Every structure is written in C-alpha cells, then in structure tokens.
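Asks: Structure in structure tokens, see below.
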Amino acid sequence: MMKTYTKRSIPLNIFTFLLTVILVCVACGKKDNSTNIANTSDEKVEAINQEDMYNPAMRFTAYKPTFYEKKDLLNGTEDSYLYTVGDFKGIKVFDTNGEVKYSDEDAERYYQYYVANFFFAYKIANATVGMSEYEDAETISYLKDNLFDIVCHLPLNNSYPSYIKETINRIYYDNKDRALNMSLYKRGYGYVEFRYNETERFCIYREENSGFLIAQERY
C-alpha cells in the first residue's frame, strides 16, 4: 500500500533529513579538526627538530681548549705541521653525555651548521688561552669556564665583564666575515674541512686515539 504524506509529515521528514546532514557535517568537522591538530603537532615536532639542528645550545653544553702532548710535537707526527701557538691544539666539544666523538654520519648531516660556531670558539681560545705569552690569568680562567656561553652570545653585551667584552668582541669582528663565508672544501673518512680563502682552512676531525671531535684551523 502506497504511503500518503500529510501536510505535517512532510516537514517532519525534511527536518529528519536536515538533522542527519548536520550530524554528518559535525562529525566531519571533528575529524578535520583532529587531523589539523595532528598536523599542527607534527609541525611543532619538526620545528623543534630544526631548532635542535641549528641551535648549538640545544645540542652541546661546552667547548674546551685542548692541547698537544709534548710527544705529539716531538715525534714528527702528522699534527706537527699544523698551525699552533704554544701547544694549543683546538676545541673539544661536549654534550650532556660528555666529550662528543666524531661521526662521519653526523658530519654529513649537520656539522656544517656549527662550523662558524666552532670557528669562533677556536679563534677566541687561540687568541687568549692558547697563547703561551698571554699572561692575563683572570681572562684565561674566565674563558675556560665560559667559552661555550660566550660563543653562543656573540657579540657580547654589557652583561659580561668589560675586560672580557672588549677582548672577545674585537676577535669576533675581526673574524666575522671569515666565519660566515666558509664553504665545504673537502670531506673524507674521519674529517671534514671548510675553506674561507685560498690558504686557510678549518677542520673538524676525529682525534686518532680517542675518537673525540676536534675543531681546529689549518694552513
């Protein structure tokens, strides 16, 4: 038997249909919103990863000057031709687990992001801590304890001791163009080198015996 519609039943069916459409739309909206939240979360994770990648303070905790042992300088080893002042060798890098070991995989992934930072640490240490004739014990002591913090806040503002600020900012401005214009020169097993002119290079490499990462200038 064919169903007949009254004047009242037609609006009721229309209302039911519209209500169903609304509920479906709300459900779709919630799904889209959940997707957007998930995407936003992924973007935040990606942003954090990028911050880790480019910000030394998110990855490392300290830079420390390291020195040649006397036997290294006397035995005619490969290191003997390197540019040094006194027995200063280069910079060791530390993270929350201690001294960072060189990794060819990490060298390929991200060392280039920190070469300017390592370079400033080297130049500051070389010009102060590394110079045997430098007799300012107060500056040397301060730099040994605060080198990483200093390098992460170049150029220094007035929150740093005046004798530190003047010395460090001079080194910073004298070397800024070099640091910011280095390009990859050569990569090999256990090292990566950057060049900022025809004769001067900056190297990040694996220390032979310990495997630790060393950053140093080469000629």
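The values are calculated or read from the model by the stated rules, or taken from the named source; none is laboratory data. Every value quoted in this text rests on a predicted model; they were computed, and no experiment measured them. Neighbour counts run over all protein chains shown; Cβ positions are idealised from the backbone, glycine included. Heads up: the accessible areas ignore ligands, DNA and RNA and are worked out on the full protein's heavy atoms, side chains in. Shrake-Rupley method; radii C 1.70, N 1.55, O 1.52, S 1.80 Å.
Asks: Output the residues belonging to region 148-168 that are part of a loop (DSSP other than H, G, I, E, B) and either basic (Lys, Arg) or under 17 Å from the mean Cα position of the chain (by Cα) (or both).
Replies: Answer for region 148-168, where residues must be part of a loop (DSSP other than H, G, I, E, B) and either basic (Lys, Arg) or under 17 Å from the mean Cα position of the chain (by Cα) (or both): Cys152, His153, Leu154.
Asks: Being part of a helix (DSSP H, G or I), out of contact with any helix residue (DSSP H, G or I) (no Cβ under 8 Å at 6 or more places or on another chain), closer than 20 Å to Phe60 by Cα and modelled with pLDDT of 90 or more: is that true of Asp145 here? Write out each step before concluding.
Replies: Values: part of a helix (DSSP H, G or I): yes; out of contact with any helix residue (DSSP H, G or I) (no Cβ under 8 Å at 6 or more places or on another chain): yes; closer than 20 Å to Phe60 by Cα: yes; modelled with pLDDT of 90 or more: no.
Taking the combined requirement at face value, the residue does not satisfy it.
Asks: Please state which of the following conditions Val85 fails to meet, knowing it meets all the rest: (1) open to solvent by less than 80 Å² (accessible area, probe 1.4 Å); (2) at pLDDT 90 or above.
Replies: Among (1) open to solvent by less than 80 Å² (accessible area, probe 1.4 Å); (2) at pLDDT 90 or above, Val85 violates only (2).
Asks: Kindly list the number of the only condition in (1) at pLDDT 90 or above; (2) more than 21 Å from Phe60 (Cα to Cα); (3) assigned to a helix (DSSP H, G or I) that fails for Tyr172.
Replies: Result: Tyr172 fails condition (2) only.
Asks: Would you confirm, using the coordinates I've provided, whether Tyr205 is open to solvent by less than 30 Å² (accessible area, probe 1.4 Å), closer than 17 Å to Ala125 by Cβ, of a type in the set (Phe, Trp, Tyr) and without any contact (Cβ under 8 Å) to a residue 60 or more places away in the chain?
Replies: no
Asks: Would you pick out the residues in region 175-199 that are open to solvent by less than 20 Å² (accessible area, probe 1.4 Å) and either on the phi > 0 side of the Ramachandran plot or charged (D, E, K, R) (or both)?
Replies: Correct list: Gly190, Glu193.
Asks: Moving on. Of the residues that make up region 153-174, is at least one closer than 17 Å to Gln112 by Cβ and open to solvent by less than 50 Å² (accessible area, probe 1.4 Å)?
Replies: No, because not a single residue in region 153-174 is closer than 17 Å to Gln112 by Cβ and open to solvent by less than 50 Å² (accessible area, probe 1.4 Å).
Asks: Something else about it: Among the numbered conditions (1) outside any helix (DSSP H, G or I); (2) among the aliphatic types (A, V, I, L, M); (3) modelled with pLDDT under 95; (4) crowded, with 18+ Cβ neighbours inside 10 Å, tell me where Leu213 comes up short.
Replies: The one condition Leu213 does not meet is (3).
Asks: I've got another one for you. What tally of residues in region 184-202 results from selecting those that are touching a helix residue (DSSP H, G or I) at 6+ places or on another chain (Cβ under 9 Å) and within 18 Å of Lys123 (Cβ to Cβ)?
Replies: 5
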